[in-house]
Amino acid sequence: MSIERRVSRVAVSTSERLRVALYSHDTCGLGHFRRNLVIARALRAHLGANVLLLSGIREAGSFPVEKGIDTLHLPALTKIDNLNYRPRRLEVGLERLVRLRSETLYAALMAFRPDAFIVDNVPRGAVGELEKSLRTLRSGGHTYTVLGLRDVLDAPENVQREWLKPENLAAIRDLYDSVWVYGDPQVYDVANEYDFPEDIRRSIRFTGYLHPLADREPLDSTLVRAGEEPDICVVGGGHDGEELATVFADACAVDHRPGMVLSGPFMGESATRRLAEHPEISVRRFVPDPIPLYHGARSIVSMGGYNTVMELIALGQRALIVPRVSPRQEQLVRATALSERGLVDLLHPDELSPERIADWLRAEHQTHTGAPASLNMDGLSAIVQNLRHLVDRYQADTALAG
């Protein structure tokens, strides 16, 4: 399942650009798509690849993308709990919607014929919607398939019960060439923590964390005047962020501090209106690129999703993480590991109150100057090198055969 074992199968044409497809099921928030978009931009910038992003959110089309990158968004599913889904908007049965998504994915992948296909987090796709596509791509012999995993999936007991099911393990063994973990095993070693079977461990490659500033222009530090920097609250997609946003707004009111809430597109309209009624608070509902706002903030109070946390660490921004703890404990595990290294502050949601947030906002905190050397954030470079190696080896094999 390594690159070396099956590189000769991949039919990268020397006369065409590398074609890469990335899939994210996107049944809860924006994080899976945002992570794939960071990868897509790196592949375009460094390999000139044509990249097709397959996403489960219609907001995918609202993110700015470079030439050579495009998106296809599927009719939406939403997560009810860790194991169950329902249609988000269409008033049809789950089986019908999954069949529609599956056939759409199949048609897109067969037409695009990717040289590499990177699947985020779910080995079989949501509700198994990728199985047909993966088996066809695998049997066709021209696509290198990768399962991409974030640094933390969930608490170990939940992963053992819900993720390491026989059908998922079989899919990893039968349908993927490699497993890439977008993290640093010195921070959290998924292979050991989750007790992956030995044969699957051998297919795992830790890339390092994905550095969100790797290919960006320098940020303008004059966008916000000194002394006017707001504190910002970030709640991911927003579907479960109302409590944190409300407590943050109440904390800002204590000292009449200017604050901003990035509510996400999935927070309810009534909750967004209530937040906007706070005189100290401005609300931004959907911000495709929040990094300039983070850069100009005095401090950040945030939930603990992968992308936001990496952005804050890369910026050296002072951050208090209030992680989601249900239905998954992924954010708590990540925030605990990073807070132990002094990279973020951590407040468990059971201890959340306006007073605790206000005290933290008042305090002076040390900041660092970007990602520390002790944290491997070279994930994008590793991914580019993996795929460049794939192309180089194929072209060398082709030259020898000729």
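Every number in this text was worked out from the coordinates using simple rules, so none of it is lab data. Only a predicted model underlies this, so the values are computations on that prediction, with no experimental measurement involved. Positions of Cβ are generated from backbone atoms using ideal geometry, with glycine treated the same way; all protein chains shown enter the neighbour counts.
Odds and ends about this structure:
- Degrees, to the nearest 10: 94-112 long Cα axis against longest axis of the chain: 60
- Adding -39500 (n - 2.57) for every DSSP H run of four residues or longer, then dividing by how many residues the chain holds, sets the calculated 222 nm ellipticity at -11000 deg cm²/dmol.
- Eligible lysines near LYS165 by straight Cα distance, threshold 27 Å, same-chain separation 8 or greater: LYS79, LYS132
- Nearest-20 debye value, the stretch 1-156 charge dipole, Cβ charges on Lys, Arg, Asp, Glu: 220
- Taking 7 Å steps out from each Cα toward its Cβ at GLN186 and THR136 produces label points 4.5 nm apart.
- Along principal axes, Cα extents of the stretch 231-362, largest first, whole Å: 37, 30, 29
- Sorted fewest first by neighbouring Cβ atoms within 10 angstrom, THR71, THR136, THR143, THR336 come out as THR136, THR336, THR71, THR143.
- Along principal axes, Cα extents of the chain, largest first, whole Å: 72, 47, 41
- Computed about the Cα centre, the dipole magnitude for the chain is approximately 1500 debye when only Lys and Arg (+1) and Asp and Glu (-1) carry charge, each at its Cβ.
- Residues ASP199, ASP120 arranged by fewest to most Cβ contacts within 10 Å: ASP199, ASP120
- For the stretch 274-308, the list of trypsin sites (Lys or Arg not before Pro) that fall in a loop by DSSP and count at most 16 other C-beta atoms within 10 angstrom reads ARG285.
- Amide N of the stretch 40-74 lying under 14 Å from the label point, which is placed 7 angstrom from the Cα of ALA107 along Cα→Cβ: 72-74
- Taking the DSSP bridge list for the chain and keeping only pairs wholly inside it, about 10 percent are antiparallel.
- In this rough spin-label picture, where each label sits 7 Å from Cα along the Cβ direction, the GLN385-ASP199 distance is 2.9 nm.
- Taken as Cα centroids, the stretch 290-332 and the stretch 265-286 sit 19 Å apart, rounded to the nearest whole angstrom.
- Between the Cα long axis of helix 166-175 and the first principal axis of the chain there is an angle of about 60°, rounded to the nearest 10.
- Put a dot 7 Å past the Cα of ASP359, heading toward its Cβ, do the same for ARG285, and the two dots end up 3.7 nm apart.
- Selection of trypsin sites (Lys or Arg not before Pro), the stretch 47-151, meeting DSSP coil and at most 15 other Cβ within 10 Å: LYS67, ARG89
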